[in-house]
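Visitor: Sharing a structure, written as structure tokens. Questions coming.
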Amino acid sequence: MINKDYKNKLSEEQYKVLVEKGTEAPFSGKYLDTNDKGMYVCGACGAELFSSDSKYDSKTPGLIGWPSFGEVAKDGAVKFVEDNKLMMKRTEVVCSNCGGHLGHVFDADDSPTGKHYCINSVSLDFKPTQQQPGKGGK
Ligand code: FE
């Protein structure tokens, strides 16, 4: 489970979000505009969380500025926690494996799935899909 020991493993920014449940500043995250094929994994424990196939550009006011996903890569990869911190009911999304804070999930009309996983870049690491030998070689 994620705990204070992670202070040694994580950067200060990662710790603020993954452990202390902070939010990175909008438009500051490194994966906001990433369109490469691959898998987004937990920045703390490396568990696979979101495929690049479910990443989309949100147009929802107030929710742009962070990477947006329509669905989780595998059922059970994340857990949902009720969050009333901002005087409104939100659903927090945490890594099932380590409990690290990832972001929140909302209902969204402009999402292909109707769900908008609004996830901090700093909570993620990106693992690009390896090119198959002999295909699309550059
Ligand atoms: Fe994790």
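The values are calculated or read from the model by the stated rules, or taken from the named source; none is laboratory data. Everything numeric in this text was worked out from a predicted model, so none of it was measured. Methodologically, a virtual Cβ is constructed for each residue, glycine included, from the backbone with ideal geometry; neighbour enumeration extends over all protein chains shown. Keep in mind that these areas ignore ligands, DNA and RNA; they rest on the heavy atoms of the full protein, side chains included. Shrake-Rupley method; radii C 1.70, N 1.55, O 1.52, S 1.80 Å.
Visitor: Among the residues of the stretch 24-47, how many are closer than 22 Å to Cys98 by Cβ, touching a Phe, Trp or Tyr at 6+ places or on another chain (Cβ under 8 Å) and in a loop (DSSP other than H, G, I, E, B)?
Guide: Counting residues in the stretch 24-47 that are closer than 22 Å to Cys98 by Cβ, touching a Phe, Trp or Tyr at 6+ places or on another chain (Cβ under 8 Å) and in a loop (DSSP other than H, G, I, E, B) gives 4.
Visitor: So, one more: Can you name the residue in the stretch 107-133 that is of a type in the set (S, T, N, Q) and under 17 Å from the mean Cα position of the chain (by Cα) and, of all such residues, is surrounded by the fewest Cβ atoms within 10 Å (Cβ to Cβ)?
Guide: Thr113
Visitor: Also: Against the conditions (1) within 16 Å of the ligand (Cβ to nearest atom); (2) farther than 19 Å from Phe27 by Cα; (3) not polar (S, T, N, Q), where does Val122 fall short? Just the number, please.
Guide: (2)
Visitor: Looking only at residues in the stretch 20-44 that are crowded, with 19+ Cβ neighbours inside 10 Å and within 14 Å of the ligand (Cβ to nearest atom), which one is farthest from Glu71 (Cα to Cα)?
Guide: Out of the qualifying residues, it is Ala44.
Visitor: Next up: When only residues in the stretch 48-97 that are aliphatic (A, V, I, L, M), in contact (Cβ under 8 Å) with a residue 12 or more places away in the chain and part of a loop (DSSP other than H, G, I, E, B) count, which is most open to solvent (accessible area, probe 1.4 Å)?
Guide: Ile64
Visitor: Next question, about the same structure. Do the conditions hold for Gly100, that is, is it open to solvent by less than 10 Å² (accessible area, probe 1.4 Å) and touching a residue at least 24 places away in the same chain (Cβ under 8 Å)?
Guide: Against the criterion (open to solvent by less than 10 Å² (accessible area, probe 1.4 Å) and touching a residue at least 24 places away in the same chain (Cβ under 8 Å)), Gly100 qualifies.
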